[in-house]
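The structure appears below as structure tokens.
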Amino acid sequence: MKMKIEVESLPRVEGHGGILVELDGKKVTTVQFKGLEGPRLIETLTVGKTPQEDISIVCRICAICTLSHRYAAIRALERALGIQVPEKTQLTRTLMHMGEMVESHSLHIFFLSLPDLLNKPSAVALLDQFGAEVAAALRTKKLGNLVMSTVSDRMIHGENPTMGGFGRFPTKEQLLAIKKETEELIPFGMKTIELLSTFTLPSFFESDTLYSAVDPEDGKFGFVADRLILSNGEKKSIEDYKSVTNEKVVKHSFAKHSLYNGKPFSVGSLARVNLLGERLDGEAGRYFKKVYSPRWRKNPLFNIMAQAVEMLFALEQIPPLVDKIIALKDPEFIRPTRDEGEATGAVEAPRGTLFHHYRLKDGRIAEADIITPTAQNFDDIERYFRLAAENLPDGYEGDPKAIMETIARAYDPCISCATHLVEIRRK
Amino acid sequence: MKKTNLKVGIYEFTGCAGDALTVIHAEDELLDFLTVVNVSSFLMAKSDNVEEKLDVAVLEGSISTEEQVRHVKEIAARSKTIVAIGVCAAFGGIQGMKTGQGGWEERFKKVYGKPPAEVGNSMPMEARPVGDFVKVDYVVPGCPIDKDQFLKIFTRLINGASPEQLSMPVCVECKWNGNECLLVKGAACLGTITACGCGAACPTYNVPCFGCWGPYNEANILAQYHLLLEKGYKSDEIKTRIRNYGGTKAAELLKQIA
């Protein structure tokens, strides 16, 4: 018997995506996760621009990952042009990045994914049962936004963080307000993990996969580094990113796909926690040990658990960061030492590793390449669609469409990001 | 706020979703917003979407596939009022910065390694503003839009009043904030020609305005262009900077400069 599982427009994700799975009996004949967002050709738009214009343009690839794009671009451009920024600049960038994690994870857990676990159409429909939690989640999201807008000058696409430093550093009063609100919300971070661990997640599509994430040089859990770690034990410099990401054009999508040694792999919160979770300390470390299980390595739905652990980690990082930043004097802006160079920058966006690569000539962008996390995840998402379709239990009571949607959404895909598209070919 | 019977749809075309996200980021007002009107369709926020006759359709993003042309016309045909939010919907956005300069097909080839072709039965095309395909009643500029400006306009709309369209440059807000002028200091600040509403976000942080809200209605492009020439900027870099966010509107205004 032939069966078609089709979602024309996937709701509660960023951007426009569709799902198509076709079966002939138990045999899956088609699996497609389609990026249907219109093409924008963004990298071709940055060629000939100044680094400042590039940073301003590329963060517009995505509103949710705006600061991650900005941060990855800044790191690449600074490496290329020989800029080293002082400690206060580094710490302030870490603070803004923690803000983005808190904002994005709280949005995804409570507003995009939790309705799936409770079989509801939206967070508004959760209000009767979980009114207090949804309100606290909004407050947490607002804190993330407060951190981002304080550091970057507004909530989305703030231009304050740039190559060489900040136009203006946040004031002591602003930073202390962030610290106070964060301390009040850390208990909710713990409560979120407890709440999510009460749900039973379906297991019929479970299967091992390969994970990849950045590997912080200080040996701690974190979101920024110049090297990668993979779950097969390999380590790589981010300059070798192309050997991991291997982008290819597919017919059914305006987004490119990635394969590592011909096989799909996953990046994102679950990848990071699977790879580096043992390094967590504080309450995040304590909760990680309490809730972690080997199933996390096989089932993408655990991504929201991993996000909850990371949300708590990010919240716990903020107060000590604030104290360190306040103790340091505002540094001077650092200017480039040369106007030519080529380098890669990588940061973990909330939904996975993001690479920006630039070659500069005469102080202008000559070549740009951007690889987004969702583009890397597309093939693994399709692999889990296939597994779910093949192993759908006989007499399955749920809607097969809903399980596909739940898998896709668990990855927190960002389809605008994936469809920024790409590649100025090397001559 | 009192519950109304108004039906509203929020739709996202090609862009970064930052304008719809700004609505979702209105934490203090979000639940009010979602309950005071009937949000029939908002794909980014909910699953139970109903495509029906609408009082207000809010459109974000530029149009960059044939399927989107069909979709935006279909929405307009069942909507009383159309509000375009953000510079992508208003002028084409960053993906429309090369409008009128040609070369889109070559750039497409560079990215995909092949000429433009259908994906999912939809042919891609260079980004255009929604106003090129349907009649737009109100524009809320921004990249992204400002939450308060959107809520003010929206509140007026749902109460049957006409929203006011502000027409002032960023410079006005910059003066209100008491900032030192970056243009006077020699920076290529576009505050003089850019629509206000951001609260002079960047100049207030010592960062020159990139013009991300697009040119305001009475923007004196010619004067800004000559001012920046006098300050030592090259003709091409000035035009490029004005084009980055100005899309079709910048292309039109730049015709004044031979």
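The values are calculated or read from the model by the stated rules, or taken from the named source; none is laboratory data. Predicted model, so just to flag it, every value in this text is computed and none were measured. Cβ placement follows ideal geometry from the backbone for every residue including glycine, while neighbour counts extend to all protein chains displayed. These accessible areas exclude ligands, DNA and RNA; they are computed on the full protein's heavy atoms, side chains included. Shrake-Rupley method; radii C 1.70, N 1.55, O 1.52, S 1.80 Å.
Tabulated results
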read-out: Any hit, the range A:382-394, residues being without any contact (Cβ under 8 Å) to a residue 24 or more places away in the chain, under 30 Å from A:Pro115 (Cβ atoms) and open to solvent by 30 Å² or more (accessible area, probe 1.4 Å); value: yes
read-out: Number of positions in the range A:1-17 that are assigned to a strand (DSSP E or B) and more than 27 Å from the chain's Cα centre (by Cα); value: 4
read-out: Extreme residue, surrounded by the fewest Cβ atoms within 10 Å (Cβ to Cβ), among residues of the range B:13-29 that are outside any loop (DSSP other than H, G, I, E, B) and within 7 Å of another protein chain (Cβ to nearest Cβ); value: B:Glu27
read-out: Single residue of A:Val151, A:Val124 found to be at pLDDT 95 or above, touching a helix residue (DSSP H, G or I) at 6+ places or on another chain (Cβ under 9 Å), in a helix (DSSP H, G or I) and over 17 Å from A:Met311 (Cβ atoms); value: A:Val151
read-out: So A:Pro300, is it touching a strand residue (DSSP E or B) at 6+ places or on another chain (Cβ under 9 Å) and either in contact (Cβ under 8 Å) with a residue 40 or more places away in the chain or open to solvent by less than 10 Å² (accessible area, probe 1.4 Å) (or both); value: yes
read-out: Residue satisfying condition, being surrounded by 21 or more Cβ atoms within 10 Å (Cβ to Cβ), more than 9 Å from chain B (Cβ to nearest Cβ), over 20 Å from the mean Cα position of the chain (by Cα) and touching a residue at least 24 places away in the same chain (Cβ under 8 Å), within set A:Leu95, A:Leu81; value: A:Leu81
read-out: Search result, residues across the range A:183-219 that are in a loop (DSSP other than H, G, I, E, B) and among the acidic types (Asp, Glu); value: A:Glu206, A:Asp208, A:Asp215, A:Glu217, A:Asp218
read-out: Single condition B:Gln68 does not satisfy, out of (1) touching a residue at least 12 places away in the same chain (Cβ under 8 Å); (2) under 23 Å from A:Glu8 (Cβ atoms); (3) surrounded by fewer than 24 Cβ atoms within 10 Å (Cβ to Cβ); value: (3)
read-out: Pair list, Cβ < 8 Å and 6+ apart or interchain, from the range B:104-124 residues that are in a strand (DSSP E or B) and β-branched (Val, Ile, Thr) to residues that are surrounded by fewer than 19 Cβ atoms within 10 Å (Cβ to Cβ) and modelled with pLDDT under 85; value: B:Val119/A:Lys251; B:Val119/A:His252
read-out: Extreme residue, surrounded by the most Cβ atoms within 10 Å (Cβ to Cβ), among residues of the range A:9-54 that are more than 7 Å from chain B (Cβ to nearest Cβ) and hydroxyl-bearing (Ser, Thr, Tyr); value: A:Thr46
read-out: Unmet requirement for A:Ile57, which otherwise passes all of (1) open to solvent by less than 10 Å² (accessible area, probe 1.4 Å); (2) touching a strand residue (DSSP E or B) at 6+ places or on another chain (Cβ under 8 Å); (3) at the interface with another protein chain (Cβ under 9 Å from one of its Cβ atoms); (4) not small (Gly, Ala, Ser); value: (2)
read-out: Boolean, A:Ser197 is within 21 Å of A:Leu321 (Cα to Cα) and surrounded by fewer than 23 Cβ atoms within 10 Å (Cβ to Cβ); value: no
read-out: Tally of residues being in contact with a strand residue (DSSP E or B) (Cβ under 6 Å, 6 or more places away or on another chain) and either under 30 Å from A:Leu81 (Cβ atoms) or in a loop (DSSP other than H, G, I, E, B) (or both) across the range A:18-36; value: 1
read-out: Residue in the range B:1-12 that is surrounded by the fewest Cβ atoms within 10 Å (Cβ to Cβ), counting only those that are aliphatic (A, V, I, L, M) and under 24 Å from the mean Cα position of the chain (by Cα); value: B:Ile10
read-out: Within the range B:89-116, tally of residues that are under 18 Å from B:Thr65 (Cβ atoms) and either acidic (Asp, Glu) or open to solvent by less than 20 Å² (accessible area, probe 1.4 Å) (or both); value: 11
read-out: Complete set of residues in the range B:92-135 that are within 30 Å of B:Arg156 (Cα to Cα) and in contact with a Phe, Trp or Tyr (Cβ under 8 Å, 6 or more places away or on another chain); value: B:Gly93, B:Ile94, B:Pro129, B:Val130
read-out: Residue list for the range A:224-261, filter: assigned to a strand (DSSP E or B), modelled with pLDDT under 85 and surrounded by fewer than 17 Cβ atoms within 10 Å (Cβ to Cβ); value: A:Lys248
read-out: Count of the range B:83-103 residues which are within 12 Å of chain A (Cβ to nearest Cβ) and assigned to a helix (DSSP H, G or I); value: 6
read-out: Helices (runs of 4 or more DSSP H) wholly inside the range B:136-207 containing at least 1 residues that are open to solvent by 50 Å² or more (accessible area, probe 1.4 Å) and more than 14 Å from chain A (Cβ to nearest Cβ); value: B:147-158, B:170-176
read-out: Single residue of the range B:117-133 satisfying the filter (surrounded by fewer than 21 Cβ atoms within 10 Å (Cβ to Cβ) and modelled with pLDDT of 85 or more) that is nearest to A:Lys49 (Cα to Cα); value: B:Met125
read-out: Unmet requirement for B:Thr81, which otherwise passes all of (1) under 18 Å from B:Lys7 (Cβ atoms); (2) open to solvent by 10 Å² or more (accessible area, probe 1.4 Å); (3) out of contact with any Asp or Glu (no Cβ under 8 Å at 6 or more places or on another chain); value: (3)
read-out: Residue satisfying all of: in the range B:33-69; among the charged types (D, E, K, R) and either touching a helix residue (DSSP H, G or I) at 6+ places or on another chain (Cβ under 7 Å) or within 11 Å of chain A (Cβ to nearest Cβ) (or both); nearest to B:Pro144 (Cα to Cα) among these; value: B:Glu60
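A quick yes/no check of all residues on (1) over 23 Å from B:Cys212 (Cβ atoms); (2) modelled with pLDDT of 95 or more; (3) assigned to a helix (DSSP H, G or I):
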| site | (1), (2), (3) |
| --- | --- |
| A:Ala76 | no, yes, yes |
| A:Ile83 | yes, yes, no |
| A:Lys88 | yes, yes, yes |
| A:Thr92 | no, yes, yes |
| A:His105 | yes, yes, yes |
| A:Phe110 | yes, no, yes |
| A:Leu114 | yes, no, yes |
| A:Lys120 | yes, no, no |
